[in-house]
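No value in this document is a laboratory result; all are computed from the given coordinates. Nothing here was measured: the structure is a model prediction, and the numbers come from that model. Here the Cβ positions follow ideal geometry from the backbone for every residue, glycine too, while neighbour counts run over all protein chains shown.
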Amino acid sequence: MVFNEDKNSIRKKILSIRETYRVSNEEIERIKEKFLSLVDKYKSNVILLYYPYRNEVDTKPIIRELLKRKKTVLLPKVEKNRILPIFISDISDLKEGFAGIKEPEGKVYPKEKIDIVVVPAVAYDRKGYRLGYGKGFYDRFLKDFQNLKGKLCFKTKVRRNRFETQLIGLAYDFQVLDKLPHEKHDIPVDIIITPKEVIKTERGNC
Ligand code: ADP
Ligand code: MG
């Protein structure tokens, strides 16, 4: 569908659709259920989510449910243009931080212990490549979770990435495109969850 448009014009187009998109409770519920079943399947305990911003898929119901299930929930805090994963014990205990997004104030959690990173995006493609807000924050944060190269990944089927962390995107269906332009620094996610689909990307299949 989209091939030659540059990142900026795709970003603008998808954001304008998302700004006025009337989300149904059912869509949020479907994403939540699919996400929670992956948490069960992978027996994940430590999960970094994002706090919703500008009509992003609402993660608050997921955060509340994970806290209820006694999972370790982390939210990002931006400091000096870097994302820090911070432990939270209560969703109401947050303060406005970078770009007015709510952030926790607690302790930084060790990156290597994170089981799932929920990666926000404006759009994803079916290979898991993502388009963010254009600042590359998550690309820099995700560098440590990059896949091990080809052979090892396919032959051993043991270590998918350095920390065994699943990278998961949550999106409405209109945010998933066939193809997005990407550069060397762009890091794809393993799985994209939409109300209609659970898309395992090539990276996720290795
Ligand atoms: P986004 O992913 O937020 O849509 P881009 O992928 O276009 O945005 O990245 C935005 C900027 O961040 C680029 O100018 C890019 O050079 C920088 N950047 C992204 N990842 C890295 C990285 N791993 N190291 C250094 N700079 C990076
Ligand atoms: Mg990027």
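Would you mind computing, in nm to one decimal, how far apart the modelled labels at Thr20 and Lys70 are, each placed 7 Å from Cα along Cα→Cβ?
Each label point is offset 7 Å from its Cα along the Cβ direction, giving 4.9 nm.
Which residues among segment 167-206 fall inside the zone where the amide N is under 13 Å from a point 7 Å beyond the Cα of Gln146, along Cα→Cβ?
The answer is 183-188.
Add -39500 (n - 2.57) for each DSSP H run of 4 or more in the chain, then divide by its residues: what number comes out at 222 nm, to the nearest 500 deg cm²/dmol? Mind dumping the intermediate values first?
Working: 5 runs with 53 residues, N = 206.
Helices in the chain give a 222 nm mean residue ellipticity of -7500 deg cm²/dmol.
Sort the chain into rounded, prolate or oblate with this rule: let a ≥ b ≥ c be the square roots of the eigenvalues of the Cα gyration tensor; rounded if a/c is under 1.5, and if a/c is not under 1.5, prolate when a/b is larger than b/c, oblate otherwise.
Since a/c stays below 1.5, the shape of the chain is classed as rounded.
Taking DSSP loops as anything outside H, G, I, E and B, show the longest stretch in the chain free of GluC sites (Glu not before Pro) there with at most 11 other beta carbons within 10 Å. Numbers along the way, then the final one.
Numbers: sites that count: Glu105, Glu183.
That gives 1-104 as the longest site-free run.
Evaluate E = 1/(1 + (r/R0)^6) for Lys200 and Lys135, where r is the Cβ-Cβ distance and R0 equals 35 Å; express this FRET efficiency to the nearest 0.05. Numbers along the way, then the final one.
Values: r = 28 Å, r/R0 = 0.79.
My answer for the efficiency is 0.80.
For segment 56-62, just list the computed ³J(HN,Hα) in residue order, Karplus coefficients 6.51, -1.76 and 1.60, θ = phi - 60°, integers in Hz, with x standing in for Gly and Pro.
Coupling constants for segment 56-62: 5, 3, 6, 8, 4, x, 5 Hz.
Take the chain, connect every pair of alpha-carbon atoms lying under 10 Å apart with a spring to form a Gaussian network, then pick out the residue of Ala123, Ala171, Ala99 with the largest mean-square fluctuation.
Per the Cα network of the chain with a 10 Å cutoff, Ala99 tops the list.
Counting Lys and Arg as +1 and Asp and Glu as -1, each charge on the Cβ, what is the dipole of segment 1-118 about the Cα centre in debye, to the nearest 20? If you can, show how the numbers build up before the last one.
Numbers: 26 positive and 19 negative charges, 45 e Å.
So the magnitude is around 220 debye.
As an exercise, identify the chymotrypsin sites (Phe, Trp or Tyr not before Pro) in segment 1-55 lying in DSSP coil whose Cβ has no more than 15 other Cβ atoms within 10 Å.
Counting only loop positions with at most 15 other Cβ atoms within 10 Å, the chymotrypsin sites (Phe, Trp or Tyr not before Pro) in segment 1-55 are Phe3, Tyr21, Tyr42, Tyr53.
Which of Arg140, Arg54, Arg11 moves most in a GNM of the chain, Cα contacts under 10 Å?
The residue with the greatest mean-square fluctuation here is Arg54.
In the Gaussian network model of the chain, springs joining C-alpha atoms below 10 Å, which of Asp93, Asp115, Asp190 carries the largest mean-square fluctuation?
Asp93
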